[in-house]
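FYI, it's all coordinate maths here, none of it is from the lab. Source: prediction; values computed, not measured. Here the Cβ positions follow ideal geometry from the backbone for every residue, glycine too, while neighbour counts run over all protein chains shown.
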Amino acid sequence: MLHRLGILVSIGARFFRAAVKVRTFIGVLKNMRRKLVAGNWKMHGSRQFVQELLQDIKSGVNAFSDSVDMVVCPTSVHLPLAEGCLRDSNIGLGAQNLYVQEQGAFTGEVSAAMLAEYSVRFVIVGHSERRQLFNESNELVAEKFAVVQAHDMIPILCLGETLGQREQGSTDSVVRAQLDAVLDKVGIGAIASAVIAYEPIWAIGTGQTATPQQAQDVHAKIREHLATLDTGIGATTRILYGGSVNADNAKELFMQQDIDGGLIGGASLKAAEFTSICESAG
């Protein structure tokens, strides 16, 4: 009897030590999620505006540029100019969109290879404005995600629900379907080289912002879903929040356990505002 008890105690101790190691491992992985702040300029800017804005941003973020990753995503026509302006900085260059084909009779579109020529490191895919205004399906977004990675760039995958979907209690299923379309296309391993951005559509450009807890709840669900497929990827994937983030609410949002920075819209067009948001993440 004592012998059996000893065996049970020994087995229990081993399970306990293993559980502690797993928790410690996950904790270490979480600490690897360096904050990222990306500015989505949308259809704004001129040559003079781009030069002045980037100069002011570079001057403002010098003090903490080593503690947070920063990206700006100008219009496609301003990418060459922005590339030159950012050459001596730690700020990365991103694009707002791309098409899935390499070349051809696709008037007005821009390919991944074209973006890569201008040192683009990040590409936004699946932004709600692309989904809603240009009818991009989950499947097309998944194709774009795959093309971005095929050209050694990092996709920023946007997920989010409308106000009606939230009021119907469909937030989780909508976000899950958007994410699963990508997972079905590229597999969980591809998420290790990607960034996810949760953007509640009802909070984009409306002045409304999800409360820190509302945002955290969805971020946690996204992370849990990834973790069911791969614990490490679930723990290390950076998930940004987007939706009327500004200098006043950024710090509280970024303090949430599963929020790893922000995808910033209008506030990224003001140097002082964007700089303040970056400082909150640093």
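A viscosity of 1.306 mPa s and a temperature of 10 °C, combined with the Kirkwood radius over Cα pairs in Stokes-Einstein, give a translational diffusion coefficient for the range 54-146 of 110 µm²/s. What is the helix-to-structure angle for 171-186, meaning the angle in degrees between its Cα long axis and the longest Cα principal axis of the chain, kept from 0 to 90 and rounded to the nearest 10? Helix 171-186 sits roughly 80 degrees off the main axis of the chain. Find the Rg to Rh ratio for the chain, where Rh is the Kirkwood radius over alpha-carbon pairs and Rg uses the same atoms. Reported Rg/Rh, Kirkwood definition of Rh: 1.04.
Taking the fewest neighbouring Cβ atoms within 10 Å as the starting point, the ordered list for Leu229, Leu179 is Leu229, Leu179. Averaged over residues, the count of other Cβ atoms within 10 Å places the peptides 61-69, 247-255 in the sequence 247-255, 61-69, highest first. Simple point charges give the picture: +1 on the Cβ of Lys and Arg, -1 on the Cβ of Asp and Glu, and for the chain a dipole about the Cα centre of about 1100 debye. Among Ile222, Ile264, the ranking by other beta carbons within 10 Å of each residue's beta carbon, starting with the fewest, stands as Ile222, Ile264.
Projecting the Cα atoms of Gln165, Tyr99, Gly205 onto the charge dipole of the range 99-231, computed from C-beta unit charges around the Cα centre, puts Gly205 farthest toward the positive end.
For the chain, the longest principal axis of the alpha carbon atoms and the long axis of helix 212-229 meet at an angle near 70°. Sorting the segments 81-88, 144-151 by their mean number of nearby beta carbons within 10 angstrom, highest to lowest, gives 144-151, 81-88. Where only DSSP H runs of four or more residues are counted, the chain gives -15000 deg cm²/dmol as its mean residue ellipticity at 222 nm, each run worth -39500 (n - 2.57).
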